[in-house]
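Shown next, in structure tokens, is the structure this report addresses.
What follows is calculated from the coordinates using simple rules that are stated; it is not laboratory data. Here the structure is a predicted model, which means the values were calculated and not measured. Don't worry about glycine lacking a Cβ; one is built from the backbone with ideal geometry, like all the others, and counts go over all protein chains shown.
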């Protein structure tokens, strides 16, 4: 399978490339508006540098991994959907639900495969929930390092809300919002509380905490931040049911009270990008739908929008 990559200046590009190669696929054409980013990527990960996105698609790859920035990512995705090639897209995709919704509609209209890399969905915790009974409450925390790292990674636009759509909540917290929506099922979910903090003086928030509530009373708390004091970060997803809980700490999955879990099905957080890419390629090869669709991403984005509106 030949996989092309657009937007290789994105800080996740290397993670996606690792997943492509681990799945036994080939990195085909690569492009980014920053020629320096292309050179760095090809030197580290391989692939064939192309002069523009059209030249990448002219090679007719089997899958395109699309990594973009804010509004430009929407234009790129709209064009890619018209090309009829399966897509794995990474965020940010636009700056709001209004940007994502027409893309989801276009993909559905054309029956086009478009997956969104909300990679914590592949961890295995949600699938292990069946013995815990009805969901009662949910907690998700992801705290990564200082926002200066986006400048170090040559993506300073991530700190510009007009390009990124926001800070830690839009970028990191959306994983938790999406997980809660997955667990809540078809019921309506709304925002009960949302608080934000900017410690480091950036134009985007570096910490956010929100409370979500399903119509049946189920509560979800999502924390996201750029406030971890050193390298690395902090991650936890806790799912509490009527009869037990599951705790995903990023390296292990624990049942409370203790019970046997299929640990072989658990994916540690540092492997989730690679495994998500491999899963996506397998789904394309076997004509199965994406694990996370544009519609699902759009639903999470709509709730994130509501959180920012509460701040305004």
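Kindly indicate whether residue 238 is touching a strand residue (DSSP E or B) at 6+ places or on another chain (Cβ under 8 Å), closer than 29 Å to residue 198 by Cβ and in contact (Cβ under 8 Å) with a residue 40 or more places away in the chain.
Yes; evaluated as a whole, the condition is true for this residue.
Those residues that are crowded, with 18+ Cβ neighbours inside 10 Å and assigned to a helix (DSSP H, G or I), I need them from the stretch 94-119; list them, please.
Within the stretch 94-119, 97, 99, 100, 103, 104, 107, 119 meet the criteria.
Would you confirm whether any residue within the stretch 173-188 is surrounded by 15 or more Cβ atoms within 10 Å (Cβ to Cβ) and farther than 23 Å from residue 99 by Cα?
yes
Examine the stretch 34-49 for a residue that is within 22 Å of the chain's Cα centre (by Cα), in contact (Cβ under 8 Å) with a residue 24 or more places away in the chain, surrounded by fewer than 24 Cβ atoms within 10 Å (Cβ to Cβ) and within 24 Å of residue 293 (Cβ to Cβ), and state whether such a residue exists.
Looking through the stretch 34-49, none of the residues is within 22 Å of the chain's Cα centre (by Cα), in contact (Cβ under 8 Å) with a residue 24 or more places away in the chain, surrounded by fewer than 24 Cβ atoms within 10 Å (Cβ to Cβ) and within 24 Å of residue 293 (Cβ to Cβ).
Return yes when residue 193 is surrounded by fewer than 18 Cβ atoms within 10 Å (Cβ to Cβ) and in a strand (DSSP E or B) and no when it is not.
Answer is yes for this residue.
Please enumerate the residues belonging to the stretch 201-212 that are in a loop (DSSP other than H, G, I, E, B) and surrounded by 16 or more Cβ atoms within 10 Å (Cβ to Cβ).
Of everything in the stretch 201-212, those that are in a loop (DSSP other than H, G, I, E, B) and surrounded by 16 or more Cβ atoms within 10 Å (Cβ to Cβ) turn out to be 202, 204, 205, 206.
Output the residue which, of all residues in the stretch 59-82 that are without any contact (Cβ under 8 Å) to a residue 60 or more places away in the chain and touching a strand residue (DSSP E or B) at 6+ places or on another chain (Cβ under 8 Å), is surrounded by the most Cβ atoms within 10 Å (Cβ to Cβ).
If we take residues in the stretch 59-82 being without any contact (Cβ under 8 Å) to a residue 60 or more places away in the chain and touching a strand residue (DSSP E or B) at 6+ places or on another chain (Cβ under 8 Å), then 77 is surrounded by the most Cβ atoms within 10 Å (Cβ to Cβ).
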